[in-house]
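Quick notes on the structure that follows.
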Amino acid sequence: MQPDISIKNLNKIYEGGFQALNDINLDIYPGEIFALLGPNGAGKTTLISIICGIVNKSSGHATAAGYDIVKEYRKAREAIGLVPQELNTDSFETVWHAVSFSRGLFGKAPKPSHIEKVLKDLSLWDKRDNRIMSLSGGMKRRVMIAKALSHEPRILFLDEPTAGVDVELRRDMWEMVRKLRENGTTVILTTHYIEEAEEMADRIGVIRQGQIILVEEKDRLMSKLGKKELRLHLQNKLEAVPGELTLEPVELSEDGYQLIYTFDSQQQQAGVARLLRTLGDLGIEYRDLQTRESSLEEIFVGLVNE
Ligand SMILES: Nc1ncnc2c1ncn2[C@@H]1O[C@H](COP(=O)(O)OP(=O)(O)OP(=O)(O)O)[C@@H](O)[C@H]1O
Ligand SMILES: [Mg+2]
């Protein structure tokens, strides 16, 4: 399958000499939801801005929908919808007019039926005749998404789509993105809410200091780097981890009432059986046990701090 976005050896050095992107290579395929994660200043917005033609690259190549982002700028840009991180929403225009006008900017013939569908999908239909400046922050954000979808792009970039958005709207947004994918749209989003990536992404890329340090399918990432933890709530307090268990990855909680056993998700569960057997042999009783898997957030923090 031909990638919808293909980035080869891309570099960006800003005026003044700061290198914001360092040899980025990345392919994103049609119909994927790709989440780009990274700390502040990692280069996410720079990367998106280059692909959308807002910032010039220093070297390297990129295509969108098969078109070179520089040599075939118009065609590439037409295939892309962008919801930028910084929203410009001090507009006197009405929602309907702004969204219709956006479509026109791409040289597309008016198509009120499409604008209507987009506004309805984003729960903006009731607000279509309101001025944008009179809307709430979350609604303004939805208007920006409507504008980005006005020209029926096959690729949508969402740069921090749910920053400052309430929980309900965030869920609506996720629902909307899933619907877009069902219609075949490729979605690339950046987010600081790891939960968002965990919830939605098919693949995850982690960027740090201008370098992509990892690209992986979400499920594989979680099983590869995830840890599992077994917590045993003891009947009686222990003063120390019993000698028989000191070779196992077992820790005792501070209050002495919990034994915590950590193991790789991939590993066989043989260790758990061995642990429970040993406890039985030692006559250590427990009244409850819990297991949990590490979240994508813990994996991410581990990666970025490495
Ligand atoms: N116009 C510019 N001139 C010089 N340096 C810039 C410019 N724009 C961005 N940078 C620098 O490039 C680096 C990457 O910035 P970028 O906005 O791409 O980060 P980001 O990953 O989107 O961060 P955030 O999560 O905060 O949005 C930062 O160190 C930033 O200061
Ligand atoms: Mg950014």
Checklist entry - Build a GNM of the chain with springs between Cα atoms under 10 Å: which of Thr45, Thr291, Thr191 gets the top mean-square fluctuation? => result Thr291
Checklist entry - Distance in nm between label sites at Glu152 and His97, each 7 Å beyond Cα in the beta-carbon direction? => result 2.6
Next on the checklist: Distance between the C-alpha centers of the range 88-128 and the range 133-199? Whole Å please.
Outcome noted: 15
Checklist entry - Full extension from Lys111 to Leu276: what is 0.36 nm times the residue separation minus their Cα-Cα distance, to one decimal in nm? => result 52.8 nm
Next on the checklist: Under 16 Å between alpha carbons, and skipping anything fewer than 8 positions from Lys111 in its own chain: which lysines qualify?
Outcome noted: Lys120, Lys147
Next on the checklist: Only counting other Cβ atoms within 10 Å, I'd like Asp172, Asp166 sorted with the fewest neighbours first.
Outcome noted: Asp166, Asp172
Checklist outcome for this item: Comparing Gly16, Gly226, Gly41 in a Gaussian network model of the chain (Cα, 10 Å), the one with the largest mean-square fluctuation is Gly16
Item to check | Estimated inter-spin distance, Lys179 and Asn22, nm [label 7 Å along Cα→Cβ] | outcome: 4.2
Checklist entry - If we count every other residue with Cβ under 14 angstrom of Phe92's Cβ, Lys/Arg +1 and Asp/Glu -1, where does the sum land? => result -1
Checklist entry - Given Lys108/Lys179; Lys57/Lys140; Lys12/Lys179, which pairs have Cα atoms separated by over 26 Å? => result Lys57/Lys140; Lys12/Lys179
Item to check | At R0 = 30 Å, FRET efficiency that the Cβ-Cβ distance of Glu248 and Lys224 yields, to 0.05 | outcome: 0.85
Checklist outcome for this item: Each label sits 7 Å from Cα toward the beta-carbon; between Glu72 and Glu217 the label points are separated, in nm, by 2.9
Next on the checklist: Between Pro153, Pro249, Pro30, where does the largest GNM mean-square fluctuation fall for the chain, given springs only between Cα atoms within less than 10 Å?
Outcome noted: Pro249
Checklist outcome for this item: Percent antiparallel among DSSP beta bridges confined to the chain, nearest 5, equals 70
Checklist entry - If you stretched the chain out fully between Arg171 and Trp125, how much longer would it get, using 0.36 nm times the residue separation minus the C-alpha to C-alpha distance? => result 14.7 nm
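Only the coordinates and a few stated rules stand behind these numbers; no lab work does. Predicted, not measured: the structure shown is a model, and the values here were computed from it. Cβ: placed from backbone, ideal geometry, glycine included. Neighbour counts: every protein chain shown.
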